[in-house]
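Here the structure comes first, spelled out in structure tokens, and everything after it is commentary.
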Amino acid sequence: MSIFYFSIILTVFSNVLYHIFLKILPTGIHPATSLVILYGSALAVCLLYLLFFPPVEGLFSSFQKISWANVGVGLAVVGLELGYILAYRSGWNVSLAGIVSASAVAIILLPIGFIAFREKVSPLNLLGVALCIAGLVLVNAGK
């Protein structure tokens, strides 16, 4: 299987588990405490990954390539996960929160990709955006 297909399968599989586990987190635990355990687990997995698949150029050289974008992703991930924890605790259904969020993100990222990264936007892409917007309206109409 090529990395092209494996990467999206891994993303979808992990995203499904992500939402299920966030939905069933104990509600009595403070969200920040949940995040500490979450990131501790993630750190352990990343360290094991580095142990079994070390960077070709070496660990020190790899860490020298870190930029402000790495910190930005970290901050965004904390916001993402805290947002989902709070959404599920406030009553969002696991079947809807991901769809609403992903659709809204896709709508916002389309012009950003076009303007900032010179990505191509086809009429079919624009139809997809229109369907995302219609879907958001329909999903939220049932609330």
Tally, over the range 132-143, of residues that are modelled with pLDDT of 85 or more and in a loop (DSSP other than H, G, I, E, B)
0
For ILE66, which of the numbered conditions (1) over 13 Å from LEU25 (Cβ atoms); (2) part of a helix (DSSP H, G or I) fails to hold?
(2)
Any residue in the range 74-87 that is within 22 Å of the chain's Cα centre (by Cα) and either farther than 25 Å from PRO31 by Cα or of a type in the set (Asp, Glu) (or both)?
yes
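Please find, within the range 71-95, the residue that is modelled with the highest pLDDT out of those that are of a type in the set (S, T, N, Q) and either in contact with a strand residue (DSSP E or B) (Cβ under 8 Å, 6 or more places away or on another chain) or not in a helix (DSSP H, G or I) (or both).
Within the range 71-95, the first condition is being of a type in the set (S, T, N, Q), and the residues that meet it are 90, 93, 95.
Remaining after also requiring either in contact with a strand residue (DSSP E or B) (Cβ under 8 Å, 6 or more places away or on another chain) or not in a helix (DSSP H, G or I) (or both): 90, 93.
Numbers: SER90: 94, ASN93: 90.
It comes out as SER90.
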List, please: which pairs have Cβ atoms under 8 Å, are six or more places apart or on different chains, and start with a residue in the range 114-143 that is more than 17 Å from ILE99 (Cα to Cα) and end with one that is in a loop (DSSP other than H, G, I, E, B) and open to solvent by less than 100 Å² (accessible area, probe 1.4 Å)?
PHE114/VAL121
Using beta carbons and a limit of 7 Å, which pairs, at least six apart or on different chains, have the first residue in the range 1-24 and in a helix (DSSP H, G or I) and the second one among the aromatic types (Phe, Trp, Tyr) and open to solvent by less than 100 Å² (accessible area, probe 1.4 Å)?
LEU22/TYR84; LEU22/TYR88; LYS23/TYR88
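Please indicate, with yes or no, whether at least one residue in the range 46-57 is within 30 Å of ALA97 (Cα to Cα), surrounded by 10 or more Cβ atoms within 10 Å (Cβ to Cβ) and not acidic (Asp, Glu). Break it down stepwise before answering.
Keep residues of the range 46-57 that are within 30 Å of ALA97 (Cα to Cα), which gives 46.
This time we only want the ones that are surrounded by 10 or more Cβ atoms within 10 Å (Cβ to Cβ), so: 46.
Of the ones still in play, those that are also not acidic (Asp, Glu) are 46.
There is at least one residue in the range 46-57 that is within 30 Å of ALA97 (Cα to Cα), surrounded by 10 or more Cβ atoms within 10 Å (Cβ to Cβ) and not acidic (Asp, Glu).
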For the range 103-131, which residues satisfy the criterion of being surrounded by fewer than 13 Cβ atoms within 10 Å (Cβ to Cβ), of a type in the set (Gly, Ala, Ser) and in a helix (DSSP H, G or I)?
ALA116, ALA130
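Do we find that VAL16 is among the β-branched types (Val, Ile, Thr), at pLDDT 95 or above and under 22 Å from ARG89 (Cα atoms) in this structure? Talk me through it step by step, then tell me what you get.
Details: among the β-branched types (Val, Ile, Thr): yes; at pLDDT 95 or above: no; under 22 Å from ARG89 (Cα atoms): yes.
Against the criterion (among the β-branched types (Val, Ile, Thr), at pLDDT 95 or above and under 22 Å from ARG89 (Cα atoms)), VAL16 does not qualify.
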Please count how many residues of the range 9-30 are open to solvent by less than 100 Å² (accessible area, probe 1.4 Å) and either among the hydrophobic types (A, V, I, L, M, F, W, C) or in contact with an Asp or Glu (Cβ under 9 Å, 6 or more places away or on another chain) (or both).
10
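For SER61, are the conditions met, namely being in contact with a Gly (Cβ under 7 Å, 6 or more places away or on another chain), part of a helix (DSSP H, G or I) and of a type outside the set (Val, Ile, Thr)?
Judged against the criteria, SER61 is not a match.
The values are calculated or read from the model by the stated rules, or taken from the named source; none is laboratory data. Not measured: the values here are computed from a predicted model. For neighbour counting, all protein chains shown are included, and Cβ atoms are generated from backbone atoms with ideal geometry for every residue, glycine included. Surface accessibility is based on the protein's heavy atoms, side chains included, excluding ligands, DNA and RNA. Shrake-Rupley method; radii C 1.70, N 1.55, O 1.52, S 1.80 Å.
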